[in-house]
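Below: one structure, written as C-alpha cells.
The values are calculated or read from the model by the stated rules, or taken from the named source; none is laboratory data. Predicted model only: the values in this text are computed from it and were never measured. All Cβ positions, glycine included, derive from the backbone under ideal geometry; neighbour counts span all protein chains shown.
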Amino acid sequence: MKTALVTGSSRGIGRAIALRLAKDGFRVIVHGSSPSPKLEETKALVLAQGGVAEIATANLCDLAETAALAKAMGDVDVLVLNASVQYRTPWQEITPEECESQLNCNLVSSLLLIQGAIPHMKEAGWGRVITIGSVQEAKPHPDMLVYSASKAAQTNMMQSLSLQLAKDGITVNNVAPGVIYTDRNVVALSDPAYAKKVTDSIPVGFYGEPEDCAGIVSLLSSDEGRYITGQSIYVDGGKSVQ
C-alpha cells in the first residue's frame, strides 16, 4: 500500500484530498499544525470509509518543526503540499513577521518536505509531488501580496523540480484553486454583497467546494497521471482566464 501525506488536512481542501486519496487506496497521513479535534475528525472519516490513516503534527511556519516532520514521516509516495498561511494586509503595512510566517509555511516548508520525500521516491522509481497553489498566482489580491508571491514562487519551484526529477519516475505538479467555500472564506462570503461580487467575477457563476479540487489531485496521484508533469492546473471556474 502506497502512502500519501497531505499537509493541512484537518479541514477544507486538504481534508477533501485526504479522503479522496484514502478512497483511492492510499494509506493517508493527515497533518495539522498541532493536535486538534478537527484533525482527529479527518482521521475518523478516513477510517469510517474503510481507509487507513494516521496523524502527524508540525507547525510548518517553524522550520525546526518542519525538518522534524520531514525526518519522521517515513516513506511517502505521494506528497500533497496543501498547508498555507495568508494575511490580509495592505502592502505598506506588511510586517517582517507576517512575511516570514507566510514564506516559511507556503514555500520553504514545501522545499524541506520534498527534500525528505524524494530519496524514497527515487529508490522506488515512482513518486508524486503536488503543490496546492492559488488563483492568486494569476490574479493577485491587492491585500495578500506575500501570499500570492509565495504561491507563485512555489509553482516556479515545482516547475524546476519537475525537470530534474522526471527521469526518476517522479511527477511534480501544481493545482491552483480559485474561490473555494472553506472555513477560510466563510466569514467573507457571508456578506451577500461581497459574495455577489465574487461570483460575478467567476465565469461559471459560482464558487467551488473542496471536493472540486480532490479529483484532479487523485488523477495526478495515479498511474493514469504519469504523463503529466511540470503543470499548473487551475481549478477556479475560469477566473484565471479573465
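What to note about this one:
- Selection of the stretch 138-147 for residues being surrounded by 14 or more Cβ atoms within 10 Å (Cβ to Cβ) and more than 14 Å from the chain's Cα centre (by Cα) yields Ala138, Lys139, Pro140, Asp143, Met144, Leu145, Val146.
- Search result, residues across the stretch 126-152 that are closer than 23 Å to Val6 by Cβ and β-branched (Val, Ile, Thr): Val129, Ile130, Thr131, Ile132, Val135
- Scoring Glu123 on the criteria (1) in a helix (DSSP H, G or I); (2) farther than 23 Å from Val6 by Cβ; (3) of a type in the set (Asp, Glu) leaves a single failure, condition (2).
- Val80 vs. criteria at pLDDT 95 or above, of a type in the set (A, V, I, L, M, F, W, C), surrounded by 18 or more Cβ atoms within 10 Å (Cβ to Cβ) and over 21 Å from Arg184 (Cβ atoms): no
- Helices (runs of 4 or more DSSP H) completely within the stretch 151-242 that count 1 or more residues being surrounded by 12 or more Cβ atoms within 10 Å (Cβ to Cβ) and either touching a strand residue (DSSP E or B) at 6+ places or on another chain (Cβ under 9 Å) or among the basic types (Lys, Arg) (or both): 183-189, 211-220
- For Thr131, the requirement of being under 14 Å from the mean Cα position of the chain (by Cα), at negative phi, outside any loop (DSSP other than H, G, I, E, B) and buried (at least 17 other Cβ atoms within 10 Å of the Cβ) is met.
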